[in-house]
Amino acid sequence: MRAWVVARPGPIEREPLRFVERPVPVPRSDELLVHVRACGVCRTDLHVSEGDLPVRRPQVTPGHEVVGVVASAGEDVRGFMAGDRVGVAWLRRTDGTCAYCARGAENLCPASEYTGWDADGGYAEYTTVPAAFAHRLPDGMDDVASAPLLCAGIIGHRALLRTALPPGGRLGLYGFGGSAHLCAQLALARGATVHVLTRDPAARRLALELGAASARGAYDEPPEPLDGAILFAPVGDLVPVALRALDRGGILAVAGIHLSDTPPLRYESELFYEKELRSVTSNTREDGRDLLKLAARHGIRATTHTYPLSQAQRALQDLKAGRFDGAAVLVNDLPPRH
Ligand SMILES: [Zn+2]
Ligand SMILES: [Zn+2]
């Protein structure tokens, strides 16, 4: 099969990925072999390709927003059959036995493994997934539209939960890419007022089209104080900016896996009055199931830009350069091998 691999992590402009020929992977006894139909392009794939995240598997195939069809199942798998449509997300495996797993915080499991980082992901014709971590996708949602839900959507959902936004609350979104534009729809569906703060004029237009009350520059002040804010841009300089925009008792959640260093914080204007700064780490399978249900119920859809699988590197370059709004999705246009 054809698969992209990170040959040597480095700036995406210098093309660290190669499109190579590889054997179709053999699923372990508890895994599914999935024929990839579509795979979303996430900023984390860029971090893996550029080396912002350390190498966990040399020559890894990125991609963790996979929509595909089960081609075969390992001998211990129950509940899935060839032909079932499934989603493959970032969280791939946990030990299921540690204190975090025991209390329902499997996103914090120290033994967790991730798709497209510890194991080969969906920038390929085929991939594998442990059956216990595969997601069933709602009917009637097409492959391309579903793909970005599997990371961008889930993280947006978890980040929104982490802000503990009160009913009808005022939410600020800093950065407005794949995850934020899905998060905005989730927040609006529960009656929030959404203010978007981003440098990109096209993203500001998309925000207003989706129903945001305002859209301004990343370092501008929102038109009213915020009960909650989410930092999607991987820019540590925006942490104090967003904290100053919070009302008393407001919570800022940092959604990304990677953030440039934050400047020193000023206690009086940025933390006092019980403002809180929180991170968001991965997600649980329950987050994924809940998000997929919410997306189906409220008709939440990603604005997508498709690329053929063979153009994955260009999609990542375009993501870094901010050449599209919404989310990029790779479409596997190669004929099945089996
Ligand atoms: Zn664990
Ligand atoms: Zn992701």
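Assorted remarks:
- Residue in the stretch 294-306 that is surrounded by fewer than 21 Cβ atoms within 10 Å (Cβ to Cβ), under 18 Å from the mean Cα position of the chain (by Cα) and in a helix (DSSP H, G or I) present: yes
- Only one entry of G191, G256, G249 meets the criterion of being under 24 Å from the mean Cα position of the chain (by Cα), surrounded by fewer than 14 Cβ atoms within 10 Å (Cβ to Cβ) and of a type outside the set (A, V, I, L, M), and that entry is G191.
- Checklist (1) surrounded by 21 or more Cβ atoms within 10 Å (Cβ to Cβ); (2) part of a loop (DSSP other than H, G, I, E, B); (3) outside the structural domain of G51 (by TED's automatic domain parsing) applied to D325, failing item: (3)
- Scanning the stretch 1-56 for residues that are touching a Lys or Arg at 6+ places or on another chain (Cβ under 6 Å) and closer than 17 Å to D118 by Cβ returns A3, V5.
- Residues in the stretch 51-99 that are within 16 Å of ligand 1 (Cβ to nearest atom) and β-branched (V, I, T) were compared, and the one that is nearest to N332 (Cα to Cα) is T94.
- Inspection of the stretch 272-280 identifies no residue that is in contact with a Pro (Cβ under 6 Å, 6 or more places away or on another chain) and surrounded by 14 or more Cβ atoms within 10 Å (Cβ to Cβ).
Every residue, every condition in (1) closer than 25 Å to D84 by Cα; (2) out of contact with any helix residue (DSSP H, G or I) (no Cβ under 9 Å at 6 or more places or on another chain), yes or no:
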site	(1), (2)
A119	yes, yes
L137	yes, no
S146	yes, no
H157	no, no
L165	no, no
R170	no, yes
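The values are calculated or read from the model by the stated rules, or taken from the named source; none is laboratory data. Given the structure is predicted, the values throughout are model-derived calculations rather than measurements. Reconstructed Cβ throughout: ideal geometry from the backbone, glycine too, with neighbour counts over all protein chains shown.
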